[in-house]
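Some notes on the structure that comes next.
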Amino acid sequence: MTQSANPSGKTAARKAGATRPAGNKTAEMMGVVISKPDKELWPDGGDGEGVTKLDLARYYEAVGGWMIGHLKGRPCSVVRAPDGIKGEKFFQRHAMPGTSNLLELVKVSGDRKPYLQIDRVEGLAAIAQIGGLELHPWNCAPDAPDIPGRLVFDLDPAPEVEFSDVIEAARDMRQHLTDLGLESFCKTTGGKGLHVVTPLAYGARDKVAWKEAKAFAQGVCAWMANDDPERYLLNMSKKLRKGKIFLDYLRNDRMATAVAVLSPRAREGATVSMPLTWAQVRDDLDPKRYTVRTVPALLARTKAWDGYDDAASSIKAAMKKLASKV
């Protein structure tokens, strides 16, 4: 299982594992030297205290065992903010001079430059060292960029839509997928939306092409929008979206990415994309409570995404069922 690591009760151990030489100029985490460990990346972690570069490295160590199964084997873009969320931010896909040897470099067809890939927990410390605040992996099968490994449905509300409506939309999406014989899992995005994720089987008999996966995801969203056009739409135009939730199926393409489960966000409050149980997807859900500060302890107690690996199924049968719905 990808969720085998349990970070419970590790706060003291994490602090013990981060050595800080005299002078406070560097620290070490998982064997990686963290320069300027006290550099503030978020001015407030939701508790009135700033979140430093060393805090980020500690966070990655705490959740890394859980997170790495969803990153491993997949090209991964990184949102970097070396001077914190108030400074310049940039999206890094490819290797740059000085890239840590704890990060993999992978070639994909159609691009001459190698992509970054994070295949081991220690690589997350290297990401913290370069101010990597967000991780956005491909949704391919591990080590197979041309084969879909999961579907991600991004429920993206217009600004005036209440979050309770997004929660209802996630449950609605789950029901539509269940009707097609597919299991799904939910996570916060660290913002106003929710992601519904469906793991796919990708063995020789089950695998499909990206074109088929994207068409299927679009079909699911079209079915849902047709069922309730007052609440949902498939057009990303902000002008048309007023009062509605955009059912974003566009994450389901070969080079498309979605924010990783447990990735922090380069946003106020140091929020995190938190895995949820479906029982938690209810009206009192507050995405802002899931932060770099709070998530390690919460993750230790949750059963969110239990059975994720075993839930992977082929969408070939689901594609046939969907054809009769739209």
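Screening V261 with (1) of a type in the set (A, V, I, L, M); (2) assigned to a helix (DSSP H, G or I); (3) in contact (Cβ under 8 Å) with a residue 24 or more places away in the chain gives one miss only, at (2).
Just one of G73, G123, G84 is open to solvent by less than 50 Å² (accessible area, probe 1.4 Å), at pLDDT 95 or above and assigned to a helix (DSSP H, G or I); which is it? Don't jump to the end; show me each part of the working.
Values: G73 fails: assigned to a helix (DSSP H, G or I); G84 fails: assigned to a helix (DSSP H, G or I).
Within the list G73, G123, G84, the selection yields G123.
Report yes if K192 is open to solvent by less than 10 Å² (accessible area, probe 1.4 Å), under 19 Å from the mean Cα position of the chain (by Cα) and under 30 Å from A81 (Cα atoms), otherwise no. Before the answer, list the steps.
Details: open to solvent by less than 10 Å² (accessible area, probe 1.4 Å): no; under 19 Å from the mean Cα position of the chain (by Cα): yes; under 30 Å from A81 (Cα atoms): yes.
Against the criterion (open to solvent by less than 10 Å² (accessible area, probe 1.4 Å), under 19 Å from the mean Cα position of the chain (by Cα) and under 30 Å from A81 (Cα atoms)), K192 does not qualify.
The condition (being open to solvent by less than 10 Å² (accessible area, probe 1.4 Å), over 14 Å from C140 (Cα atoms), not basic (K, R) and not in a loop (DSSP other than H, G, I, E, B)) is satisfied by just one residue among A222, A170: A170. There is no residue in the stretch 132-143 that is open to solvent by 10 Å² or more (accessible area, probe 1.4 Å), part of a strand (DSSP E or B) and hydrophobic (A, V, I, L, M, F, W, C).
For the stretch 223-232, does any single residue satisfy the condition of being among the basic types (K, R) and at pLDDT 95 or above?
Initial filter on the stretch 223-232 (among the basic types (K, R)): 231.
After this cut, where a residue has to be at pLDDT 95 or above as well, the list is 231.
Yes; the residues of the stretch 223-232 include at least one that is among the basic types (K, R) and at pLDDT 95 or above.
Evaluated against (1) touching a Pro at 6+ places or on another chain (Cβ under 9 Å); (2) assigned to a loop (DSSP other than H, G, I, E, B); (3) closer than 30 Å to S109 by Cα; (4) not β-branched (V, I, T), G64 falls short on exactly one condition, (2). The residue pairs whose first member lies in the stretch 50-68 and is under 19 Å from R80 (Cα atoms), whose second member is among the polar types (S, T, N, Q) and modelled with pLDDT of 95 or more, and whose beta carbons are closer than 9 Å, counting only pairs six or more residues apart or on different chains, are V51/T291; K53/S35; K53/Q129; A57/Q129; M67/S263. Within the stretch 262-277, does at least one residue satisfy the condition of being open to solvent by 70 Å² or more (accessible area, probe 1.4 Å) and modelled with pLDDT of 95 or more? The answer is yes; a qualifying residue exists.
Residue-wise test of (1) in contact with a strand residue (DSSP E or B) (Cβ under 6 Å, 6 or more places away or on another chain); (2) of a type in the set (S, T, Y); (3) closer than 27 Å to P148 by Cβ.
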{"position": "F246", "(1), (2), (3)": "yes, no, yes"}
{"position": "L250", "(1), (2), (3)": "no, no, yes"}
{"position": "V259", "(1), (2), (3)": "yes, no, yes"}
{"position": "V272", "(1), (2), (3)": "yes, no, yes"}
{"position": "V281", "(1), (2), (3)": "yes, no, yes"}
{"position": "T291", "(1), (2), (3)": "yes, yes, no"}
{"position": "A311", "(1), (2), (3)": "yes, no, yes"}
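Within the set D154, D146, D179, the sole residue that is within 28 Å of R267 (Cα to Cα), acidic (D, E), open to solvent by 10 Å² or more (accessible area, probe 1.4 Å) and at pLDDT 95 or above turns out to be D154.
Can we say D284 is closer than 28 Å to W210 by Cβ, of a type outside the set (F, W, Y) and surrounded by fewer than 21 Cβ atoms within 10 Å (Cβ to Cβ)?
no
Going through the stretch 290-322 one residue at a time, which ones are assigned to a helix (DSSP H, G or I), over 22 Å from L194 (Cα atoms) and open to solvent by less than 70 Å² (accessible area, probe 1.4 Å)? Within the stretch 290-322, A317, A318, M319, L322 qualify.
The values are calculated or read from the model by the stated rules, or taken from the named source; none is laboratory data. Computed from a prediction, not measured in an experiment: that's the story for all the values here. Ideal geometry is used to build each Cβ from the backbone, glycine not excepted, and the neighbour counts take in all protein chains shown. The area values use the complete protein model at the heavy-atom level, side chains included, leaving out ligands, DNA and RNA. Shrake-Rupley method; radii C 1.70, N 1.55, O 1.52, S 1.80 Å.
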